[in-house]
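Just so you know, all these numbers are worked out from the coordinates, no wet-lab data involved. Predicted, not measured: the structure shown is a model, and the values here were computed from it. Ideal geometry is used to build each Cβ from the backbone, glycine not excepted, and the neighbour counts take in all protein chains shown.
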There are 2 protein chains.
Amino acid sequence: MQDVHRRIVLKSRPKGYPELSDFELVETPIEDPGPGESLVRAHYLSLDPYMRGRMNDARSYVPPLAIGEVIVGGVVGEVVRTNTDASAVGDVVEGRLGWQEYGLARPDTVRKVPFPDIPESTALGILGMPGLTAYFSFLEIGKPVPGDTVVVSAASGAVGAVVGQIAKLNGCRVVGIAGSDEKIAYIKDELGFDEGINHRAAEDMGAALDDVCPDRIDVYFDNVGGPITDAVIPRLALRARVVICGQISQYNLEQPQTAPSVLRHLLINQARMEGFIVTSFQARFEEGRARLAQWVRDGKLKYKEDITDGIENAPEQFIELMRGHNFGKKLIRLYEPE
Amino acid sequence: MQDVHRRIVLKSRPKGYPELSDFELVETPIEDPGPGESLVRAHYLSLDPYMRGRMNDARSYVPPLAIGEVIVGGVVGEVVRTNTDASAVGDVVEGRLGWQEYGLARPDTVRKVPFPDIPESTALGILGMPGLTAYFSFLEIGKPVPGDTVVVSAASGAVGAVVGQIAKLNGCRVVGIAGSDEKIAYIKDELGFDEGINHRAAEDMGAALDDVCPDRIDVYFDNVGGPITDAVIPRLALRARVVICGQISQYNLEQPQTAPSVLRHLLINQARMEGFIVTSFQARFEEGRARLAQWVRDGKLKYKEDITDGIENAPEQFIELMRGHNFGKKLIRLYEPE
């Protein structure tokens, strides 16, 4: 086994959109696992929008990354050395080991990937954090009722695509918003969304929403914020639910955008808006994974992965993700076992 | 008994703040009650911020007033003629009879004022719609926990004053925001609020909030919207609850104000914001009234009324209310029985 491995650390805090120069690829010795630890060789890294927030030095639900620290992120890999009975060499595990080829894990920081019949990469996507986010936040905060009109932003993304499909399983009418005709064709033709709006092509988002939501909007699942959300909110139905899952349009702005207040619309519609972090439902993750896995096996949930090889490409691919240029769940493949 | 009475009708839809010329005082014959109806002589009219919304021709939770229609509004008065067994001459009743000296009532549009030991005017205030609004929305949406920091805007108003006092009964730390030093002295010295901020005197609302809310804000009860709310939202605590009860700062604007989006703050704090109309809790009004009445009798809930005599003064007093120049629950007294 090699002695050194590669990792990507935060070199400088991005101002606005991240640039390649904000990241540094460093070579460093592979550490020996200490007592109770194991060493994991990464197969896949997950790139997710929440990582952008960690790069700022601002209050959020977790502390910011330090300069020089390995970028946070979920990883699927295999145990190659172990000093704990909790994992055996060869186990495929998932955990937040960061953007590096090898990581040290403890039993409480990784979990064994539970479904050998489903590709392991899904542990970072539809059966991982994005899938669980979609499952719990849509069902518990969105509270769908059959017949509801559900609007999902970033509808072809790792979370949005799952939300839309679960909404269909719930008997809802589903409208997806995405940034290309190709994405719209995918969510309608492959995933079964009822309608789609390409927000880059729509001249007037409000009019486009009126066309496909004549009875207004019962659930809005928001991954993006900004002008798309500004167009949705005035079209909420009585007792609508807004799930705030992400605000990617705002993460790379140096000055926040301004817009008319949403409060009046919530008031007159007796509507609710709630932010959500998936770890709130940690106690129910096993339930969520089992349900999602069964739907995947039954062909009721489809997923799409956008995979690039090589850790050195993680920063560039993360920037692409920030610009909405991904098509499906963004992954970096470091090593593919035979 | 006289043959004619006076009423105030909507003459034109206000643009921005209402003006006296938007209202018309008309004299009209007193109608005879039909089968099942009774005739009620008004003692008090209630002036409430929600009435402003009815004067616009815009979608809201109820249809707008028509031009020429009597202004909506709650009334307490006495039955002077009756064609129904459901009410007897002399009964003191409350209902939405509008800005007029005499109104026709049916058993389903008025209710008998239930507490003869408490002044009847409270049926429009602390034991009426504003008190019930405070009771249900603060408890059911605000979900107070002892030790929470609760911030209330329009804190000396008909709803805010009740919210703050119920928050104290719940063991919360309560900060009120109001528009004069006199109001701040009242909420602190008379009602027992822990802190107060005079928003007209504060140079920097954010800094003023930081001073009195060092542990951030767990519940924000919003009656006003606009810049006060914009200063509160970035200071929400983890899992904060925002009750949207009113947005009076916005009701008289021809163009809505813009501000940075609240969604990011709700997301990172896993916070919830919900609009609320008191009639959602209609099935529990009796419970709410009984509880509020007992607190009033026990001296645990205090109230202040801002009373002006004469229906002809209702438009001017309503404009004062819109400008925040009321001090306590705004009432027009038409007639005081001996």
Legend entry - With eigenvalues of the C-alpha gyration tensor scaled by 5 and rooted, segment A:142-274, Å: 20, 18, 13
Inset, instruction - Answer rounded, prolate or oblate for segment B:1-41, using the Cα gyration tensor with square roots of eigenvalues a ≥ b ≥ c: rounded when a/c is under 1.5, else prolate when a/b is larger than b/c, else oblate. - result: prolate
Inset, instruction - With just the Cα atoms of segment B:92-184, tell me how far they stretch along each of the three principal axes, in Å, largest first. - result: 47, 29, 24
Inset, instruction - Write out the GluC sites (Glu not before Pro) in segment B:251-310 meeting two conditions: DSSP loop, and at most 14 other Cβ atoms within 10 Å of their Cβ. - result: B:254
Legend entry - Whole-Hz couplings from phi, Karplus 6.51/-1.76/1.60, listed for segment A:112-125; x for Gly and Pro: 6, 5, x, 10, x, 8, 10, x, 5, 4, 5, 5, 9, x
Inset, instruction - In Å and from the alpha-carbon atoms only, list the Rg and Dmax of the protein assembly as shown. - result: 29.5, 105
Legend entry - residue A:197 long-range amide H proximity, modeled H, under 5 Å: A:176, A:177, A:178
Legend entry - Residue mean of other protein chain beta carbons inside 10 Å, A:241-248: 3
Inset, instruction - Have a look at A:267, A:335, A:290 and report the one farthest towards the positive end of the charge dipole of segment A:245-338, computed about the Cα centre with Cβ charges (Lys/Arg +1, Asp/Glu -1). - result: A:267
Inset, instruction - May I ask for the equivalent-ellipsoid semi-axes of chain A, computed as the square root of five times each C-alpha gyration tensor eigenvalue and listed largest first in whole Å? - result: 36, 22, 17
Inset, instruction - Would you please report the Å³ per residue occupied by the convex hull of the alpha carbon atoms in segment A:264-338? - result: 201 Å³
Legend entry - Cα gyration tensor category, rounded, prolate or oblate, for segment B:1-142 with a/c compared to 1.5: oblate
Legend entry - Loop-resident sites, segment A:1-93, for chymotrypsin sites (Phe, Trp or Tyr not before Pro), counting at most 16 other Cβ within 10 Å (DSSP): A:61
Inset, instruction - Inverting the mean 1/r over all pairs of different Cα atoms, compute the Kirkwood radius of segment A:182-338 and quote it in Å. - result: 18.4 Å
Legend entry - Contour excess over end-to-end distance, with Cα ends at residue A:67 and residue A:32 and 0.36 nm allotted per residue: 10.2 nm
Legend entry - For segment B:158-168, Karplus couplings with θ = phi - 60° (6.51, -1.76, 1.60), whole Hz, Gly/Pro x: 4, 8, x, 5, 6, 4, x, 5, 5, 4, 5
Legend entry - Beta bridges per DSSP with both ends in chain A, % antiparallel, nearest 5: 55 percent
Inset, instruction - Round to a whole angstrom and tell me the spacing of the C-alpha centers of segment A:145-202 and segment B:237-269. - result: 28 Å
Legend entry - Point-charge dipole on Cβ atoms (K/R +1, D/E -1) for the protein assembly as shown, about Cα centre, debye to 20: 680 debye
Legend entry - Where only alpha carbons of segment A:5-78 are counted, the Rg and the Dmax (Å): 13.7, 42
Legend entry - Cut-off 20 Å (backbone N to label point 7 Å along Cα→Cβ of residue A:258), residues of segment B:196-210: B:200, B:202-208
Inset, instruction - Write out the trypsin sites (Lys or Arg not before Pro) in segment B:233-332 meeting two conditions: DSSP loop, and at most 14 other Cβ atoms within 10 Å of their Cβ. - result: B:300, B:323
